[in-house]
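Notes follow the structure.
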Amino acid sequence: MQRPAEDAGSMASPALLPLAGLVRSVTTPEFAGITFHEVTAKSVLNKVVSGSKMPFEWTVNPYRGCSHACVYCFARKSHTYLDFDAGLDFDSQVVVKVNAAEVLRKELAKPSWGRHQVALGTNTDPYQRAEGRYQLMPGIIAALADSGTPLSILTKGTLLARDIPLLKHAAAQVPVGVGISLAMTDEALSEAVEPGTPGPRARLKLISRLRDAGLPCGVMAMPILPWLSDSDEALDALFGSLAAAGATGVTAGALYLKPGTREWFMQWIAKTHPELAGRYRRLYGTGSYASKEYRTWLAAKVRYFKQRHGFTGGHGFSHRDLEDDPRSEEARYPEGSLPVSGKTGSNARTGIEDPAVRQPTLF
């Protein structure tokens, strides 16, 4: 890979010298507030830990940390393994595996490689803004396709549009899954909770571009945020927009707050929506998941709006069936098993009883 030209602000950070393979640390005016730590990796093909319940076995993550800065990102704690914190460091200290494509090609050429599907975008986004600078993904996609390895990509980054011709070429060689992460259409809310991402309208346009190119495009509509993006109006707008854009399917589920993410998100809620802070603490208790009652209620609403907007078949995105993702409560409850009623307090459109009305002490 050709390294970007030297920047006036380039410097090695002594505090990060223990970072394995560190070549240099870079700051540049084009990425104000972000430091790139360029490393040479010995391996980039990662085997998912057995028993993790993830719907894929192998991953590649060319970046660690993510300038998308999503306050709810489940990968935040992974940054602490590098002696960064899970908050601002995760957003601004981005580790770049500058030799990712070359190392991957060598790993895929080994006789022992079984050409299992490889998932990209499972930890941090491969099409975050850094990709515009380092251009790692074209080499990674080509290496996978040339070796006969199926691949899937999940991203919020509209920079993926740059690689549509390459993805079409790869899809002629191996199975290719493309997924866009989009869980809300409210531009102001998106700007608040995922400030470094392209807005919802831009991602909807990307979905349409992928479909126009003949590529399937599923959507990961996660996380749905309690009291912020779970209303009938919000869900109707979301699924209606996804259908209009041509999405081939949708997987949806509630906010998931694992350690590292929980602390950062709760701090954000207390600062920006103090009226909801107590509700969130009670809804999540001491765990990572919203209460089962809330998840059941949300799954029923999601199913209703999916059917209303024609999402009745397969989801069309394959990080090997994200419907099986443990964070997707929608997949846990078969049709007809959810509480649907017309009692006082039910939603007028869906008829799905709101747990905040049925169980006032819960919230």
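Selection of strands (runs of 3 or more DSSP E) fully inside region 20-92 by the criterion of at least 1 residues being over 16 Å from Gln128 (Cβ atoms) and among the aromatic types (Phe, Trp, Tyr) returns 58-60.
Among the criteria (1) of a type in the set (S, T, N, Q); (2) under 25 Å from Ala247 (Cβ atoms); (3) out of contact with any Lys or Arg (no Cβ under 8 Å at 6 or more places or on another chain), the one Asn99 does not fulfil is (2).
Here Ala145 meets the list (1) in contact with a helix residue (DSSP H, G or I) (Cβ under 9 Å, 6 or more places away or on another chain); (2) of a type in the set (Gly, Ala, Ser); (3) under 24 Å from Phe31 (Cβ atoms) almost entirely, failing just condition (3). Within region 129-154, residues that are at pLDDT 95 or above sit with their Cβ atoms under 8 Å from residues that are assigned to a loop (DSSP other than H, G, I, E, B) and of a type in the set (Lys, Arg), at 6+ positions apart or across chains, in these pairs: Ser147/Arg115; Gly148/Arg115; Thr149/Arg115; Pro150/Arg115; Ser152/Arg320. Are any of the residues in region 188-199 in contact with a Leu (Cβ under 9 Å, 6 or more places away or on another chain), surrounded by fewer than 22 Cβ atoms within 10 Å (Cβ to Cβ), at pLDDT 95 or above and among the acidic types (Asp, Glu)? Taking every residue of region 188-199 in turn, none turns out to be in contact with a Leu (Cβ under 9 Å, 6 or more places away or on another chain), surrounded by fewer than 22 Cβ atoms within 10 Å (Cβ to Cβ), at pLDDT 95 or above and among the acidic types (Asp, Glu). If I ask for residues that are part of a loop (DSSP other than H, G, I, E, B), farther than 11 Å from Leu298 by Cβ and in contact with a strand residue (DSSP E or B) (Cβ under 7 Å, 6 or more places away or on another chain), which ones from region 216-233 would you list? The answer is Pro216, Cys217. If the condition is being modelled with pLDDT under 95 and part of a helix (DSSP H, G or I), then region 288-328 contributes Leu322, Glu323, Asp324. Note on region 80-99: residues that are in contact with a strand residue (DSSP E or B) (Cβ under 7 Å, 6 or more places away or on another chain) and more than 25 Å from Gly199 (Cα to Cα) amount to 4.
Within region 238-287, the set of residues being more than 19 Å from the chain's Cα centre (by Cα), farther than 29 Å from Leu206 by Cα and part of a loop (DSSP other than H, G, I, E, B) comprises His273, Gly285, Thr286, Gly287.
Matching residues to (1) under 19 Å from Gly21 (Cβ atoms); (2) of a type in the set (A, V, I, L, M, F, W, C):
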residue	(1), (2)
Phe84	yes, yes
Leu88	no, yes
Val98	yes, yes
Ala101	yes, yes
Gly114	no, no
Ala119	no, yes
Arg133	yes, no
Met137	no, yes
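Going by the conditions given, is Ala234 in contact with a helix residue (DSSP H, G or I) (Cβ under 9 Å, 6 or more places away or on another chain), closer than 26 Å to Leu283 by Cβ and crowded, with 22+ Cβ neighbours inside 10 Å? Against the criterion (in contact with a helix residue (DSSP H, G or I) (Cβ under 9 Å, 6 or more places away or on another chain), closer than 26 Å to Leu283 by Cβ and crowded, with 22+ Cβ neighbours inside 10 Å), Ala234 does not qualify.
The values are calculated or read from the model by the stated rules, or taken from the named source; none is laboratory data. Worth saying up front: this structure is predicted, and the values here are computed from it rather than measured. Glycine also receives a Cβ, built like all others from the backbone with ideal geometry; neighbour counts cover every protein chain displayed.
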